[in-house]
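Notes for the one structure printed next.
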Amino acid sequence: MNAGESLSRRHDPVKRGGMASPPLRSTRTHDALRAAYARDAQSARLYAELSRVALIEGYPAVSRTLTELAETQAMLAGGHLDFLRQVGEPLGDRRVDGTEELIRALKALLSEDLSETLPDAISSAHAEGFFDIASWFESVARTRRQHLSRLETCGEGLTTEGGE
Amino acid sequence: MSYSARDIEVLPPLEAVRRRPSMYVGSTGPQGIMQLFVEVAQNAIDEVLAGHATQVDVVIDGSRCTITDNGRGIPVDLHPQLGRPALELVVTELHAGGKFLGRAYAAPGGLHGVGLSCVNALSETLFVEVLRDGHRYRLDCARGKHQPIHDLGPATGTGTTVSYQPDPQIFVDSTTLDTQWVATWLEEQAFLGAGCTLSLQAQGEKRQWKEDGGLPAFVRHLSRELPPIHAAPIYLQGQYEGISVEAALQWTTNYGEEVRSFVNRVRTPLGGTHAEGLGSALSRVLHREASRLGLLQSDEELSAADLREGLVGVLSIRMLEPEFEGQTKSLLSSSTATTAVESVIIQAFSAFIAAEPETARAIVGKALEAGRARRAARRANERARYRSLEGVISKEVYRQQFGIRSRNWHQSARWLTDSALLGSHAAMCAVAPDAQVLDVCCGSGVVGASFRGKVGKITGLDLTPEMVRLASERLDEVIQGDVYAIPFPEARFDLVVNREVLHLLPEPQRPVAEIFRVLKPGGQFIVGQMMPYSDADAAWFFRVVKKKQPLFFNNLMEDDMMRLLEGAGFTNITTTEYLQWEDIEVWINTWETPNHLRHEIRDLYHHAPAEARAVHPFRIEPDGRILDQWRWVVFSAFKPVTP
């Protein structure tokens, strides 16, 4: 593979075939892909968790089925992502062309979560009397901070590590 | 860069074991050391089970372990195809042994021929002595390399002795076996019907086991300290398509569940398909019985976890060619085991219940109680969250939970009476010997009592009448009251102490402000909290604790505590850290933790993310027990002398 070829191009099944296609950004198809990605990524996690519950409740066959469904749903989410990546990551459409851009996009996502989404969630939970959920969101914020710090560290290593 | 045949490395088999020991024995830590023992000892037990030995003796001397059986002795004659002595083959070649063909042993344990040669590869020294054919033979090895077999001359009797010393180059941290664990293993083998005498000599002591009572005796032994809810263990057995299934079950008034499962007498601490079969069979039979007896109210459902609460059981199956996940056989994956166990248990348990309906009624009654406690725990979470119009937090849920727990308070977790942890609170004491002390949310009063001798009068305060009675045995005076409105005037105490409470209270700034109010100027507040190690384990730890304790509201860390204390006006804040190993099975064995959440807590440990594992030490023992090194931080803070 050409080292100069961008990640998104490598993973773009349409461009690799050499055929022209209309831009995906802001189309109804783009919205549908994002919705499908959210649904399948969430379902994959939900089914995996429920498969454990089924096992604990004494339904091993149901548990195995749910595990297999979860695996396939995770694969489907990956399939949606194959297309979505032409535009960017699915949460904010930030470009993810190559590792450097991917790290930058993820850092932006985490920062946004830490500065806006989670503080809002924490204060709503407090105001509504859900003190345990507020504390959970605070614990999530700690994880996000840790992840941001790790991404910053591995981002620094990009220039020295090089590509493939 | 060129890549050719010369880049391909072919390692001698035992060298491959030394390069990747964890692939063969699970780890190079304590679990690996235990696995070496199991490999050798299981061979001796298999000789017993095949009807050729009556005695197995284990001697542990430092890191050397010697296991002797009086069986047939490993053959020393030449292998017809390979032209090498059989003894040399089983000790030096992977996948050489008498268990593959199914002729010498039926349904054996061990790792099927990987065993003894693996132990040889991972031992600094190993020797095998064989008594056979009127002679004693000896084979000496060091780090997998062997000497020729010596004929030591004529001798009477038959048997095999294997003596090995784990290699410190491989097992870097320790090469010593946990003798208590070995004792438990031998005891299990005795109860599983080995039918022989087993002995252990270690640390100057000799213990011996010979058990003839089979699985019912095993279950009686495991449940010996728990009040039973039916007279004798229920013994079930049968055969299904060549798989032999045996189980003994005893329901107790305990909250926890302990079911040990075995395949061909090898413990499967993570269970697997056979344990799944047992769980689903019990659920089906008991559900059917509960409906038949009309014990379920119209809106009532019983989960399988409710039905197994308080159950102590042993499941043992024997089958040919069992399949496991991983080399160390901790989880059975053979799907035929589920069908076999389900089929045998449903049939035998249904027959038992038909003959003894009163026992069935008692078991279902216990499950109904578990289901009601589960729903109460869920309501506790909801009700404690609820704030009335006056802004008062519902306190009944705290009274209910701690009232029930007061019955066995000191047995409900190790940390409660850990003397070093109590000592780390008392060590921070910086008040005069005649100081007036208040132990807030005092529980049984052990924290306040740990200051005895350093202070004057110690008063306790607790919401729960049962705890007030318990603490009265230790403290000078105990008052029933509420930490949100401490029933004492301002500036009354020189020292306030409190441990592991603030995480259970919504809006902890309110009780901290109350504590500040009742302290005299210059007074000290000493407060201990268990907390995550860092941001990396905070969310994982939140999930563990929340599943155990529905009243967990604050995942407090040092910076949160600092903000709380400084926010109330405290100054001169210092901390000390204390690490303590908690037995998670003991900790989760409480009324407020429904049985299905106990399972989910174990899952969280088994699937802890690498980031959490990197900072938060915990161990999953080979018998499945989870030990977590909890981190306690004790804070000392002072009320300023002048406002």
State which residue is nearest to B:E187 (Cα to Cα) when the search covers only the range B:281-302 and only residues that are within 13 Å of chain A (Cβ to nearest Cβ) and outside any helix (DSSP H, G or I).
B:L302
Among the candidates B:T184, B:T158, which residue alone is surrounded by fewer than 17 Cβ atoms within 10 Å (Cβ to Cβ), within 30 Å of B:D212 (Cβ to Cβ) and touching a residue at least 24 places away in the same chain (Cβ under 8 Å)?
B:T184
Matching residues, the range A:120-164, being assigned to a loop (DSSP other than H, G, I, E, B) and either at pLDDT 95 or above or at positive phi (or both)
A:G129, A:G162
Regarding the range B:46-53, can at least one residue be identified that is farther than 14 Å from B:T161 by Cα, in a loop (DSSP other than H, G, I, E, B) and modelled with pLDDT under 80?
no
Out of B:L315, B:L311, which single residue is crowded, with 21+ Cβ neighbours inside 10 Å, aliphatic (A, V, I, L, M) and within 13 Å of chain A (Cβ to nearest Cβ)?
B:L311
Criterion violated by B:A305 - all others in (1) crowded, with 21+ Cβ neighbours inside 10 Å; (2) not in a helix (DSSP H, G or I) satisfied
(2)
State whether one or more residues within the range B:2-16 are β-branched (V, I, T) and crowded, with 19+ Cβ neighbours inside 10 Å.
no
How many of the residues in the range B:402-430 are part of a loop (DSSP other than H, G, I, E, B) and either in contact with a Phe, Trp or Tyr (Cβ under 7 Å, 6 or more places away or on another chain) or at pLDDT below 85 (or both)?
3
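Table: residues versus (1) within 11 Å of chain A (Cβ to nearest Cβ); (2) outside any helix (DSSP H, G or I).
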site: B:F542; (1), (2): yes, no
site: B:V545; (1), (2): yes, no
site: B:N554; (1), (2): yes, yes
site: B:M561; (1), (2): no, no
site: B:E566; (1), (2): no, no
site: B:E582; (1), (2): no, yes
site: B:E585; (1), (2): no, no
site: B:W591; (1), (2): no, yes
Could you list, in sequence order, the residues of the range B:511-544 that are of a type in the set (F, W, Y) and either surrounded by 24 or more Cβ atoms within 10 Å (Cβ to Cβ) or under 17 Å from B:A435 (Cβ atoms) (or both)?
B:F516, B:F525, B:F541
Return yes or no: is B:M557 of a type outside the set (V, I, T), under 25 Å from B:W415 (Cβ atoms) and out of contact with any Pro (no Cβ under 9 Å at 6 or more places or on another chain)?
no
Out of all the residues in the range A:70-83, which are touching a residue at least 24 places away in the same chain (Cβ under 8 Å) and hydrophobic (A, V, I, L, M, F, W, C)?
A:A70, A:A74, A:L76, A:A77, A:L81, A:F83
Give the number of residues within the range B:516-536 that are under 26 Å from B:G423 (Cβ atoms) and either out of contact with any His (no Cβ under 6 Å at 6 or more places or on another chain) or part of a helix (DSSP H, G or I) (or both).
14
Scan the range B:248-280 for residues that are polar (S, T, N, Q) and assigned to a helix (DSSP H, G or I) and report the count.
2
Does the range B:602-609 contain any residue that is within 21 Å of B:T268 (Cβ to Cβ), modelled with pLDDT under 95 and in a strand (DSSP E or B)?
no
Check the range A:62-74 and report whether any residue there is more than 14 Å from chain B (Cβ to nearest Cβ) and under 13 Å from the mean Cα position of the chain (by Cα).
yes
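Yes/no matrix, rows are residues, columns are (1) under 27 Å from B:E558 (Cβ atoms); (2) within 32 Å of the chain's Cα centre (by Cα):
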residue	(1), (2)
B:T459	no, no
B:M467	no, yes
B:V496	yes, no
B:P506	yes, yes
B:E514	yes, no
B:R517	yes, no
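The values are calculated or read from the model by the stated rules, or taken from the named source; none is laboratory data. Note that this is a predicted model, so its numbers are computed, not measured. Backbone-built Cβ (ideal geometry, glycine too); neighbour counts: all protein chains shown.
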